[in-house]
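Here is the structure we will look at, set down as structure tokens.
Values in this text are rule-based calculations from the coordinates and carry no lab data. If you're wondering where the values come from, they're calculated on a predicted model, not measured in any experiment. As a convention, Cβ positions derive from the backbone with ideal geometry for all residues, glycine included, and neighbour counts pool all protein chains shown.
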Amino acid sequence: MSEQVIKLSDNAAKRIKLIMSKAEQSAVGVRVGVKSGGCAGMSYVMEYAKEVKPNEEVIEEKGVKVFIDPKAIIYLLGTEMDYKKEKFSSQFVFKNPNETERCGCGESFKIA
């Protein structure tokens, strides 16, 4: 098998487990993708996955399932997904080696 598209930190896996414990019964995991938008051109998107879609990459790691949108695989290859909790906010953070630029607010990124 080739390299796993996304690796999960322990914090990210714990957070996904917590989110899934509160999700509707029909959710089977979380889906990660990218969309056009933001000041740098692209942003990460996450949603509940209710089923596996054709050609999706399925990552099972640390007891959670993450589904990768096939259109996003090329942008996410080698990314580590983390979860950071700070004083006033908490969020999933993507450490993506493919990024060539990131906007100042951290919401969007660019890949050359």
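For Thr79, nonlocal amide neighbours, meaning residues 5 or more places apart or on other chains whose placed amide H falls under 5 Å from its own, are Lys7. Relative protection proxy for 75-87, 56-68, from highest mean packing down: 56-68, 75-87 (other beta-carbon atoms within 10 angstrom). Among the listed pairs Lys35/Lys71; Lys87/Lys110; Lys17/Lys62; Lys35/Lys84, those with a Cα-Cα distance over 18 Å are Lys87/Lys110; Lys35/Lys84. Rounded to the nearest Hz, the phi-derived 3J(HN,Hα) couplings of segment 56-73 under the Karplus curve 6.51 cos²θ - 1.76 cosθ + 1.60 (θ = phi - 60°) are 6, 8, 10, 10, 10, 8, 6, x, 10, 10, 10, 9, 9, 4, x, 6, 9, 3, where x marks glycine and proline.
Converting phi to 3J(HN,Hα) with the Karplus coefficients 6.51, -1.76 and 1.60 and the offset θ = phi - 60°, segment 88-96 yields 10, 7, 9, 7, 6, 10, 10, 9, 10 Hz in sequence order, with x at every glycine or proline. A cut-off of 5 Å between modelled amide H atoms, ignoring neighbours fewer than 5 places along the same chain, links Met42 with Gly37, Phe109.
Can you bin segment 1-96 into rounded, prolate or oblate? Criterion: square roots of the alpha carbon gyration tensor eigenvalues sorted a ≥ b ≥ c, rounded for a/c under 1.5, prolate for a/b above b/c, oblate for the rest.
Working: a/c = 1.34, a/b = 1.02, b/c = 1.31.
Since a/c stays below 1.5, the shape of segment 1-96 is classed as rounded.
Of the residues Ala13, Ala23, Ala72, the one that moves most in a GNM of the chain with alpha-carbon contacts below 10 Å is Ala23.
What does the charge add up to near Asp69, with Lys and Arg as +1, Asp and Glu as -1, over the other residues with Cβ less than 9 Å from its Cβ?
Working: positive: Arg31, Lys53, Lys71; negative: Glu56, Glu57.
In short, +1.
Taking amide hydrogens as placed 1.01 Å from N in the peptide plane, the amide H of Glu61 sits under 5 Å from those of Val66, each at least 5 positions away in sequence or on another chain.
Count the net charge of all other residues whose Cβ sits under 15 Å from the Cβ of Leu8, scoring Lys and Arg as +1 and Asp and Glu as -1. Numbers along the way, then the final one.
Details: positive: Lys7, Lys14, Arg15, Lys17, Arg31, Lys62, Lys65, Lys84, Lys95; negative: Glu3, Asp10, Glu57, Glu60, Glu61, Glu80, Asp82.
Within the 15 Å Cβ shell, the charges total +2.
Once both labels are positioned 7 Å from their Cα atoms along Cα-to-Cβ, the gap between Tyr48 and Met20 label points is 1.4 nm. Here the Karplus relation 6.51 cos²θ - 1.76 cosθ + 1.60, evaluated at θ = phi - 60°, turns the backbone of segment 12-26 into coupling constants of 5, 4, 4, 5, 5, 4, 5, 4, 5, 5, 9, 7, 5, 4, 6 Hz, with x for every Gly and Pro.
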